[in-house]
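Data first, discussion second: the structure below is written as structure tokens.
The values are calculated or read from the model by the stated rules, or taken from the named source; none is laboratory data. Model, not experiment: these values are computed from the prediction. Cβ sites come from the backbone with ideal geometry, for glycine too, and all protein chains shown count toward neighbours.
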Amino acid sequence: MAECPFCFTELDERATVCKGCKAQRGYGNHSTLGFMTAGVVRSRVSRYNTYAVLWSLVSVGLIYAWLGAGVKEAALPLFVTVVVAVVLFVTARSWNARLQKPPTWWK
Ligand SMILES: [Zn+2]
């Protein structure tokens, strides 16, 4: 058994909402996502991983096209393309990092 830290109601070990005071267990509030349950965080991780993989595939096509066209000014778009891919992967990793800690109670 677990205990709500706010109202001390006895709760199931896996409970995510306190039946006494409606406190929620998760990863806090997000400005646009609202309260973040583990499921919300996991869906963010998978979304950014998907974006990163898709962008990487697009990048390979773009780089191939730019190099194939012999564009001399390709350095900047190549750089931006790679930076965007890295940012997407890093964003996915930082969302995943939240899940390394157990969820806590919020009210
Ligand atoms: Zn409670």
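Structure values in brief
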| quantity | calculated |
| --- | --- |
| Cβ pairs under 8 Å, 6+ apart, first in region 4-21 and of a type in the set (Asp, Glu), second part of a strand (DSSP E or B) | Glu10/Ala2; Glu10/Glu3; Asp12/Ala2; Glu13/Ala2 |
| Index of the failed condition, Trp66 passing every other in (1) more than 13 Å from the ligand (Cβ to nearest atom); (2) outside the structural domain of Val86 (by TED's automatic domain parsing); (3) at pLDDT below 95 | (2) |
| Test: Ala97 is modelled with pLDDT of 95 or more and exposed (fewer than 14 other Cβ atoms within 10 Å of the Cβ) | yes |
| So Tyr51, is it under 13 Å from Lys107 (Cα atoms), away from the ligand (no atom under 15 Å from the Cβ) and surrounded by 14 or more Cβ atoms within 10 Å (Cβ to Cβ) | no |
